[in-house]
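Notes follow the structure.
Just so it is clear, none of the values below were taken in a lab; they were calculated from the coordinates. For clarity, every value in this text was computed on a predicted model and none was experimentally measured. With ideal geometry, Cβ positions are generated from the backbone for all residues, glycine too; neighbour counts draw on all protein chains shown.
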Amino acid sequence: MSGFRAFQVEKTDTGYVRRIVERQVADLPPGDVLIDVRYSSLNYKDGLSATGNPGVTRQFPHTPGIDAAGVVLESAVADFAPGDEVIVIGFDLGMNTPGGYGQRIRVPAGWVVRRPAGLTLHESMVLGTAGFTAALAVHKLEHAGLTPAAGPVLVTGATGGVGSVGVRLLAHLGYEVVAVTGKPAQAGFLQSLGAARIMSREEARAGTDRPLLKETWAGVIDTVGGEILFNAVKSLRYGGSLAACGLVDSPQIPATVLPFILRHVNLLGVDSVQLPLAQKAEIWNRLAGPWRLTGLAALEERLTLETLSDAIDRILAGRMVGRGVVHLGG
Ligand SMILES: NC(=O)c1ccc[n+]([C@@H]2O[C@H](COP(=O)([O-])OP(=O)(O)OC[C@H]3O[C@@H](n4cnc5c(N)ncnc54)[C@H](OP(=O)(O)O)[C@@H]3O)[C@@H](O)[C@H]2O)c1
């Protein structure tokens, strides 16, 4: 099949429009590995790409999709052969390189990870960049000394992609998890993932004007930025750490040095995009092995190219729950 279906975003005089188009393999950029994409997923960044955010995508028309899992069709390198099942997340996929919302991608071999035994292609996309990022955050927190015995861990943006997998993974590893959400109606969902307590965004924002707050959290996974992020830093226990993943509320943080110099706390950065491939493979192996999560189906909202546009609007409005998984068919 040289023709394939793709979700395309086009720039017009009145804004960005989305439609499903027929494309040719010959339209794809040069690269080492041609992949038959079986599954992709919806991440917040895909919403930014689909609405012309120049920090994500500058060239249009464009096919977003920062995640892809599929089967190698052609390979110019010895590391991969036709039939291999592979995962691609991050690097430039779906940013200015046509992404996983097309049934074919062609990418450099240096972006491709072999599917680890123990994880199906479908499961890898239920996790996707969001789940991978949650795991990377847990990895960094544990590297900084976090253990289940150290105390409760806060997860913000808890019903979102990074947040929901973060809650599930931490609970799986034996942590006491407190979940911050703006969706009180989803308290049951968060409890089913393993959250011990639900906190409102208002509660998470209380005390913004104070230099320090009561020492509460041993660790934090933050996906929202802004006041909620720094309130969480001010509430870390002595020596605790916050892993900063996202900015859905704000990229600005109202910070002082006080928590750092009085409480010895750490603000850790998390980047899944440019993380070297060997480290990416290590995190995927962990998710396929000791960190393998059961009950992933509860996180999935099944999407197709036809239903993707509505889901993109919902993720940008902060209304998605769990993970949107795009089924690209045969
Ligand atoms: N560093 C990396 O490598 C990396 C990788 C993946 C994602 N990210 C970033 O992480 C963030 C989350 O990504 P995602 O794919 O998980 O997005 P998502 O599914 O949309 O989740 C974000 C969640 O944040 C909460 N939220 C939304 N607007 C908010 C606001 N104004 N104030 C407070 N909370 C708000 C909502 O959850 P509740 O309703 O439950 O509060 C929402 O579901 C994004 O900024 C994304 O770019 C970074």
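Please give the charge dipole size of the chain, origin at the Cα centre, charges +1 on K and R Cβ atoms and -1 on D and E Cβ atoms. Round to the nearest 20 debye.
Values: 30 positive and 30 negative charges, 117 e Å.
Once rounded to the nearest 20, the dipole reads 560 debye.
Straight-line reach from residue 11: which lysines have a Cα under 19 Å away, not including same-chain ones fewer than 8 places off?
Correct list for residue 11: 45.
Give a residue-ordered list of calculated ³J(HN,Hα) values for region 195-209 (Karplus: 6.51 cos²θ - 1.76 cosθ + 1.60, θ = phi - 60°; whole Hz; x for Gly, Pro).
In residue order, the calculated couplings are 5, 7, 8, 10, 10, 7, 4, 4, 4, 5, 8, 5, x, 4, 7 Hz.
I'd like to know how the chain sits against the 2.2 N^0.38 Å rule of thumb: what's its Cα Rg over that expected value? Each step should come with its number before you reach the end.
Details: Rg = 19.8 Å, N = 330, 2.2 N^0.38 = 19.9 Å.
Taking the Cα Rg and dividing by 2.2 N^0.38 Å, one obtains 0.99.
Go ahead and collect, in residue order, the members of region 46-61 whose backbone nitrogen is under 19 Å from a label point 7 Å along the Cα-Cβ direction of residue 271.
Once the point is set 7 Å along Cα→Cβ of residue 271, 46, 49, 54-58 turn out to lie under 19 Å by backbone N, inside region 46-61.
What list of ³J(HN,Hα) values in whole Hz, one per residue of region 72-77 in order, does the Karplus curve 6.51 cos²θ - 1.76 cosθ + 1.60 (θ = phi - 60°) give from phi, with Gly and Pro shown as x?
After applying 6.51 cos²θ - 1.76 cosθ + 1.60, I find 5, 9, 9, 9, 9, 10 Hz.
If region 128-269 were replaced by its equivalent ellipsoid, with semi-axes equal to the square roots of 5 times the Cα gyration tensor eigenvalues, what would those be, largest first, whole Å? Provide the component values of the computation, followed by the final result.
Numbers: eigenvalues 86, 55, 38 Å².
Largest first, region 128-269 gives 21, 17, 14 Å.
Over 15 Å, how big is the tail of the calculated P(r) for region 115-163, in percent of all Cα pairs?
Details: 652 of 1176 pairs.
So the pairs more than 15 Å apart make up 55 percent of the total in region 115-163.
Counting DSSP beta bridges with both partners in the chain, what percentage is antiparallel, nearest 5?
Details: 34 of 60 bridges.
Antiparallel: roughly 55 percent of the beta bridges in the chain.
Over all alpha-carbon pairs in region 195-330, figure out the percentage whose distance exceeds 20 Å. Write down the numbers at each step before the final one.
Working: 5589 of 9180 pairs.
Roughly 61 percent, once rounded to a whole number.
In units of 2.2 N^0.38 Å, what is the alpha-carbon radius of gyration of region 69-207?
Working: Rg = 18.1 Å, N = 139, 2.2 N^0.38 = 14.3 Å.
Compared with the compact-globule rule of thumb, region 69-207 sits at 1.26.
7 Å from Cα along Cα→Cβ at both residue 216 and residue 58: what's the point-to-point distance in nm?
Once both label points are built, they end up 4.2 nm from each other.
Hey, rough spin-label estimate for residue 202 and residue 264, points 7 angstrom out along Cα→Cβ, what's it come to in nanometres?
3.7
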